[in-house]
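The values are calculated or read from the model by the stated rules, or taken from the named source; none is laboratory data. In this text, all values refer to a predicted model and were calculated from it rather than measured experimentally. Glycine gets a Cβ as well: all are built from the backbone with ideal geometry, and neighbour counts include every protein chain shown. Each accessible area value is taken on the protein alone, full model and side chains, heavy atoms only, with ligands, DNA and RNA left out. Shrake-Rupley method; radii C 1.70, N 1.55, O 1.52, S 1.80 Å.
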Amino acid sequence: MTRTDNDTWDLASSVGATATMVAAARALATNAEQPLIDDPYADPLVRAVGVDFFTRLVTGELGLEDLDDDTVGMQRMTDNMAVRTKFFDEFFSDATRAGVQQAVILASGLDSRAYRLAWPTGVVVYEIDQPDVIAFKSAALSELGAEPTAERRAVAVDLRFDWPAALIDAGFDPGRPSAWSAEGLLGYLPPDAQDRLLDTITELSAPGSWIAVESVPHIDPERQEQAAERMREASQRWREHGFDLDFTELIYLGDRNEAAAYLEERGWRLTRRSVRDLLVANGLPPMDDEDAADFGELQYVSGILSA
Ligand code: SAM
């Protein structure tokens, strides 16, 4: 399923299915013996989407040992999602405790932060994703009886098009500081759309705004092809268990600007943490060399726009 410039999806197809995949990983991480995160909505949301493969994964009918071999493993993905979720949770807690009152979750997928974080009074959380994704999650959480813990405003729009107009229509004020997250998003945008997105965030950010993104340092083409091959092997293994999606067809491989450096050039002061370090810092199993070649240099980056 090759990407096109204006393709769309729901939570069971194409890029949307990756939101269900990472929610399944959050459900598994939440149910771990010594959980690093607590996302009580991940499990019921995955079940509500109803992709049999992910449902069986969260119910335990399909074990991690059935999926993991020496390819990109689901246990590794679960650990990565645990540290990633904790990183972005702490980012929003820190930003809003520091007084920022507008949070913008780009590509919110099945993210339930608007329902599970202890937001200070007065914070408005904007969630942006494709229309079918937004509609499904809003309805599913309402059916589960979940109540937002902040004022939640869902903005159903594609991030390759005129999303700032939709965000401002929903009440966002570019004159006041904001906190932005792009978690699990940039690789699904073509390189020029990533640059445009980061430019637009910067334009919409008053001094003192906060940002958190994932950033991939430049990887040489040979190593990128090896990582893509391991992803294809993992897709093949998942296909044997009834789920047919080739992740390498969903992301835009090839050269792109490193998000952190690009933002720094535009006035953001950033701190970087590699996934490899975060796993160790959080007491999770360290990466072996092969994992490290795929994920180890991936960084979670956060910081503030200089005045
Ligand atoms: N941030 C969420 C999380 O970490 O759970 C979801 C991550 S999921 C891997 C990727 C998400 O990006 C999906 O929800 C998908 O719909 C969204 N996405 C990707 N490209 C997008 C675009 N052009 N416009 C809106 N949403 C997009």
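Overview of values
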item: Near pairs, Cβ below 7 angstrom, 6+ apart or cross-chain, from segment 1-30 (touching a residue at least 40 places away in the same chain (Cβ under 8 Å) and assigned to a helix (DSSP H, G or I)) to any residue that is near the ligand (Cβ under 9 Å from one of its atoms) and aromatic (F, W, Y); result: V15/W9; V15/Y188; G16/W9
item: Cβ pairs under 7 Å, 6+ apart, first in segment 90-108 and under 18 Å from A42 (Cβ atoms), second part of a helix (DSSP H, G or I); result: F92/R113; I105/R113
item: Members of segment 125-149 found to be open to solvent by 20 Å² or more (accessible area, probe 1.4 Å) and either more than 16 Å from the ligand (Cβ to nearest atom) or under 23 Å from R97 (Cβ atoms) (or both), listed by number; result: S142, E143, L144, G145, E147, P148, T149
item: Odd one out for M77, checked against (1) in a loop (DSSP other than H, G, I, E, B); (2) open to solvent by 10 Å² or more (accessible area, probe 1.4 Å); (3) under 20 Å from S13 (Cβ atoms); (4) aliphatic (A, V, I, L, M); result: (1)
item: Scope segment 101-132; condition of a type in the set (K, R) and within 18 Å of W210 (Cα to Cα); matching residues; result: R113
item: Extreme residue, most open to solvent (accessible area, probe 1.4 Å), among residues of segment 166-177 that are hydrophobic (A, V, I, L, M, F, W, C) and away from the ligand (no atom under 14 Å from the Cβ); result: I168
item: Any hit, segment 291-299, residues being free of Cβ contacts under 8 Å to residues at least 24 places away in the same chain, part of a helix (DSSP H, G or I) and either open to solvent by less than 70 Å² (accessible area, probe 1.4 Å) or among the aliphatic types (A, V, I, L, M) (or both); result: yes
item: Top-ranked residue of segment 150-165 - restricted to ones that are open to solvent by 30 Å² or more (accessible area, probe 1.4 Å) and more than 19 Å from D10 (Cα to Cα), ranked as modelled with the lowest pLDDT; result: D162
item: Enumeration of residues in segment 224-244 that are within 14 Å of L67 (Cβ to Cβ) and not charged (D, E, K, R); result: M231, A234, S235, Q236, W238, H241, G242, F243
item: Subset of segment 196-253 [over 16 Å from G303 (Cα atoms) and either touching a strand residue (DSSP E or B) at 6+ places or on another chain (Cβ under 6 Å) or of a type in the set (G, A, S) (or both)]; result: A227, A228, A234, S235, G242
item: Some residue of segment 178-186 being more than 19 Å from the chain's Cα centre (by Cα) and open to solvent by 10 Å² or more (accessible area, probe 1.4 Å); result: no
item: Residue selected from segment 212-230 under the condition aliphatic (A, V, I, L, M) and modelled with pLDDT under 80, by the criterion farthest from M74 (Cα to Cα); result: I219
item: Subset of segment 187-200 [surrounded by 15 or more Cβ atoms within 10 Å (Cβ to Cβ), more than 9 Å from the ligand (Cβ to nearest atom) and free of Cβ contacts under 8 Å to residues at least 60 places away in the same chain]; result: T200
item: Residue match in segment 92-101 (condition: within 13 Å of the ligand (Cβ to nearest atom), closer than 30 Å to G171 by Cβ, at pLDDT 95 or above and outside any loop (DSSP other than H, G, I, E, B)); result: yes
item: Residue within segment 209-221 that is closer than 30 Å to Q101 by Cβ, in contact with a Pro (Cβ under 9 Å, 6 or more places away or on another chain) and open to solvent by less than 80 Å² (accessible area, probe 1.4 Å) present; result: yes
item: Complete set of residues in segment 231-257 that are open to solvent by less than 70 Å² (accessible area, probe 1.4 Å), farther than 12 Å from A17 by Cβ and either among the charged types (D, E, K, R) or assigned to a helix (DSSP H, G or I) (or both); result: M231, A234, R237, T248, R256
item: Unmet criterion (only one of (1) assigned to a helix (DSSP H, G or I); (2) among the β-branched types (V, I, T); (3) at pLDDT 90 or above) for I37; result: (1)
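Here's the yes/no breakdown for (1) modelled with pLDDT under 85; (2) within 23 Å of A29 (Cα to Cα); (3) not charged (D, E, K, R):
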site	(1), (2), (3)
A260	no, no, yes
R266	no, no, no
L270	no, no, yes
L279	no, yes, yes
P286	no, yes, yes
Q299	no, yes, yes
G303	no, no, yes
